[in-house]
Amino acid sequence: MLSLNAALAHVSGDIDRRFDELLTVPDDPSANLSRAMRHATIGCGKRLRALLVFATADLLDVDRECAGRVALAIECVHIYALIHHDLPAIDNDDCRCGRPAVHKIYGDATAILAGDCLHALAFEILGDPLTHPDPSVRADLILDLARAAGPAGMIGGQVMDLEAGGAWFDLNTVTRWQALKTGALIGAAVEACAIAGRVPAQTRMRLRGYARDIGLAYQIADDLLDGEGEEELVGRRLRMVNGGAMADFRSLLDPDRARAQARMLTDQAISHLHIFGREADLLRAIARHALERDC
């Protein structure tokens, strides 16, 4: 099995190659749209969700090309949300992945349309027979990603993110907010392979528990980075927490308790994988990485 760093590098290269092939620049007036999408997608991002797809696919013996296309679709949804989130109307961030945000180079209108196109491409990819020969599996993949991306998932969490600027959420509300905003697509990355692999309900329940717990651990680590990280490493503007704009795990729990909670969630995520042997070691390493990362 590849080490975590080697697996991340391999998956990042795979996803970059797929975006390079998908997002060719036409010789017509729409060229800037393709350039904007390429700027947002190629050589940018941690690829955590894509890595989760490939690791779960290997665990469940899902076809590699199917996994690659599913990972690409989930990355499309994740990146479209980041493009829109960076816009002045939402978070007004100038930087993403240590380089200018899409709207800073191509303007707000093109950034909106680039995000819209990536959103549409995600479902085009999943609906293509190249992703899976069984149309019922493709339909389930589309349905699950739509739920994870919509009002009961990522976008619902983004709306709560906007509301958090003028309110002080309690711990239960912050937990729900982050389970939607961050956890929904992490869950979709794992669930998609369970769908494609047609695994039994008990196994799917364990994998869902794993994804839920690492999603929250990942967000707690993000909140700690917002208070203690370095913008050069993180590659984005860090939010104020204590005495700042909104409540999060760090401000509600204090840093030490937040770290303890993240460790508990990481251990709990790993415990969900007890039904598997060493073939799940990469998923276990991803869970630990969610807690230990510095960017």
Could you check the stretch 118-144 and list, in sequence order, the residues that are over 13 Å from Glu75 (Cα atoms), of a type outside the set (D, E, K, R) and under 18 Å from the mean Cα position of the chain (by Cα)?
Leu141, Ile142, Leu143
Does the stretch 163-202 hold any residues that are touching a residue at least 60 places away in the same chain (Cβ under 8 Å), assigned to a loop (DSSP other than H, G, I, E, B) and in contact with a helix residue (DSSP H, G or I) (Cβ under 8 Å, 6 or more places away or on another chain), and which are they?
Phe169, Asp170, Arg198, Val199
Within the stretch 1-24, the residues that are of a type in the set (A, V, I, L, M) and free of Cβ contacts under 8 Å to residues at least 24 places away in the same chain are Ala6, Ala9, Leu23
Looking only at the stretch 25-46, filter to residues that are assigned to a loop (DSSP other than H, G, I, E, B) and in contact (Cβ under 8 Å) with a residue 12 or more places away in the chain; which one of those is nearest to Ala7 (Cα to Cα)?
Lys46
What residue, among those in the stretch 87-117 that are in contact with a strand residue (DSSP E or B) (Cβ under 9 Å, 6 or more places away or on another chain) and under 18 Å from Glu75 (Cα atoms), is surrounded by the most Cβ atoms within 10 Å (Cβ to Cβ)?
Val102
So which of Ala50, Ala152, Ala120 is small (Gly, Ala, Ser) and free of Cβ contacts under 8 Å to residues at least 24 places away in the same chain?
Ala120
Of Ile83, Ile105, the only residue that is within 30 Å of Arg208 (Cα to Cα) and either among the β-branched types (Val, Ile, Thr) or modelled with pLDDT under 95 (or both) is Ile83
Would you check which residues across the stretch 254-294 are among the polar types (S, T, N, Q) and surrounded by fewer than 20 Cβ atoms within 10 Å (Cβ to Cβ) and list them?
Gln261, Gln268, Ser271
Residues of the stretch 161-192 classified as of a type in the set (Asp, Glu) and under 13 Å from Ile74 (Cβ atoms), total
1
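The values are calculated or read from the model by the stated rules, or taken from the named source; none is laboratory data. Computed from a predicted model, the values in this text were never measured in an experiment. With ideal geometry, Cβ positions are generated from the backbone for all residues, glycine too; neighbour counts draw on all protein chains shown.
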